[in-house]
Amino acid sequence: MLNQKKYTLAIILLFLAVVVTALLNISLGSVNIPIQEVASSLFGFKVEKDTWRYIILNYRLPKAITAIITGSGLAVSGLLMQTLFRNPLAGPYVLGLSSGASLGVAIVFMGASLFGASFAGILLSEWSLVVASSLGSLMVLFAVILASIRLRDTMAILIIGLMFASLTAAIVSVLAYFSPASKLQQYVFWSYGSLGDLSWDEVLILGLFWFVGILISIGSIKNLNSLLLGEHYARSLGTNIKKNRFMIIIATSLLAGSITAFAGPIAFVGLAVPHLIRQIIPSANHITLVPAVIFGGAILMLICDIIAQLPGSEFSLPINAITSIIGAPVVIWLLVRKRKFNF
C-alpha cells in the first residue's frame with residue numbers, strides 16, 4: 001500500500017513535469033518568449049506583443065501538442081510490445097509498421113516519376129505523404145493481423161514483423177538506387193522526423209488516433225498484467241490470448257502508425273522510455289506503468305524538441321538525431337548501473 005502511494009506521487013510529479021516542460025518548449029525557440037507571456041496567451045489574457053501570441057498559437061502550441069502525442073504514443077506502444085513479446089528490446093516499430101510507412105513515402109518521393117508527370121502531381125499533393133505513409137503501415141498491419149490469427153506462437157509474429165521490415169527496406173533501397181539525387185534527398189529529410197509541420201487540422205486527426213489507441217491500451221491493462229506471467233498461465237486465468245494479442249497489435253498500430261504518418265519515423269523513444277520509467281517506478285503493474293509511461297514519453301520528447309530547435313538560433317536539428325544522441329547514453333548508463341532489465 002505504501003509503495004502504491006509512492007507510485008501515485010511519482011505519477012503526479014511526472015504530470016507536473018509535463019506541464020513545466022511544455023511551457024518551456026513553447027517559450028524557447030528562435031524567438032524566446034517569457035513563460036508568463038506564454039501562460040497569458042494560452043489562457044486568453046493580454047500579451048505584450050501580438051506577434052508573440054501569433055507565434056504561440058499558430059506554431060509553437062501545435063508543435064508542443066504534437067511532441068506530447070508523439071512521445072506518449074510511442075512510449076505506450078513500446079511498453080505494449082515489450083510486454084506482448086516479453087522482450088526488453090522490442091519497440092513500437094518491431095511489427096514493421098515504420099518500414100511499411102517508409103515504403104509508402106518512398107514510392108511518393110522516389111517512385112512518382114515512374115508513373116508519369118500528371119500522376120506524380122497527384123502523388124505530391126498536400127496530404128500525399130500522410131496517405132502514403134498510412135497505406136504503407138496498413139499494408140503491413142493487415143499482414144501481421146492475418147499472421148496473428150493463424151499462429152499460436154507470439155514470437156513467430158515478431159519474426160514475421162522483422163521479415164516485413166527487411167522486405168520493405170529492400171524495396172526502398174531499390175527505389176533509392178534508381179531515383180535522382182533531389183528525390184532521394186527529400187526522402188532522407190522525411191526520415192529525420194519533424195514535429196513542427198502540422199496544421200491544427202492534422203494535429204486534431206493525429207490526436208483522435210492517439211486517443212483511441214490509448215483507450216484500447218488502458219482497456220488491455222488487466223490482460224497485459226496476466227501476460228507477464230507467460231501465455232500458458234494467462235490462459236489458465238481465462239485470458240483469450242488471440243483476442244488480447246489482436247487488441248494490443250491494433251493499439252500499437254493506431255499509435256505508431258499514425259505518429260509515423262504525421263511526424264515521420266521517430267527513433268529510440270518507444271524502446272527507451274519504458275525502461276527509464278521502470279527505473280523510477282519499479283513496478284510490473286500496468287495500472288501504474290501505463291500513465292507513467294505516457295507522461296515520461298511526453299517529457300522526453302518535449303526535452304528533445306527543446307534541444308533540437310536550438311533556442312536563440314534560427315536553425316534546428318533533426319528530432320530523430322536528438323532522441324538518440326540524448327537518450328541512448330542515459331539508458332545505457334541506467335541499465336549498466338542496475339546490471340539487469342527490470343522487466
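Things to note:
- Contacts under 8 angstrom Cβ, first residue in the range 195-212 being in contact (Cβ under 8 Å) with a residue 24 or more places away in the chain, partner acidic (Asp, Glu), 6 or more apart: Leu195/Asp305
- Qualifying residue in the range 235-244 (condition: hydrophobic (A, V, I, L, M, F, W, C) and at pLDDT below 85): yes
- Which numbered condition Ile307 misses (of (1) out of contact with any Cys (no Cβ under 9 Å at 6 or more places or on another chain); (2) among the β-branched types (Val, Ile, Thr); (3) touching a residue at least 24 places away in the same chain (Cβ under 8 Å)): (3)
- When Arg278 is tested against the conditions (1) modelled with pLDDT of 85 or more; (2) open to solvent by less than 40 Å² (accessible area, probe 1.4 Å); (3) in contact with a helix residue (DSSP H, G or I) (Cβ under 7 Å, 6 or more places away or on another chain); (4) over 30 Å from Gly136 (Cβ atoms), the lone failure is (3).
- The residues listed here are Ser30, Ser40, Ser102, Ser98; of these, the one that is modelled with pLDDT under 95 and not in a helix (DSSP H, G or I) is Ser30.
- Subset of the range 43-67 that is open to solvent by 50 Å² or more (accessible area, probe 1.4 Å) and under 21 Å from the mean Cα position of the chain (by Cα) - its residue that is modelled with the highest pLDDT: Ile65
- When the residues of the range 192-214 are filtered to those that are open to solvent by less than 40 Å² (accessible area, probe 1.4 Å) and in a helix (DSSP H, G or I), the one that is farthest from Gly297 (Cα to Cα) is Glu202.
- Qualifying residue in the range 225-235 (condition: among the small types (Gly, Ala, Ser), touching a residue at least 60 places away in the same chain (Cβ under 8 Å) and buried (at least 16 other Cβ atoms within 10 Å of the Cβ)): no
- Index of the failed condition, Leu289 passing every other in (1) farther than 13 Å from Leu74 by Cβ; (2) out of contact with any Pro (no Cβ under 8 Å at 6 or more places or on another chain); (3) buried (at least 23 other Cβ atoms within 10 Å of the Cβ): (2)
- Given (1) crowded, with 24+ Cβ neighbours inside 10 Å; (2) among the β-branched types (Val, Ile, Thr); (3) in a helix (DSSP H, G or I), number of the condition Ile266 does not satisfy: (3)
The values are calculated or read from the model by the stated rules, or taken from the named source; none is laboratory data. Just so it is clear, the model here is predicted, and its values are computed rather than measured. Here the Cβ is made from the backbone with ideal geometry for all residues, glycine too, and neighbour counts use every protein chain on show. Note: areas computed on protein heavy atoms with side chains; ligands, DNA, RNA excluded. Shrake-Rupley method; radii C 1.70, N 1.55, O 1.52, S 1.80 Å.
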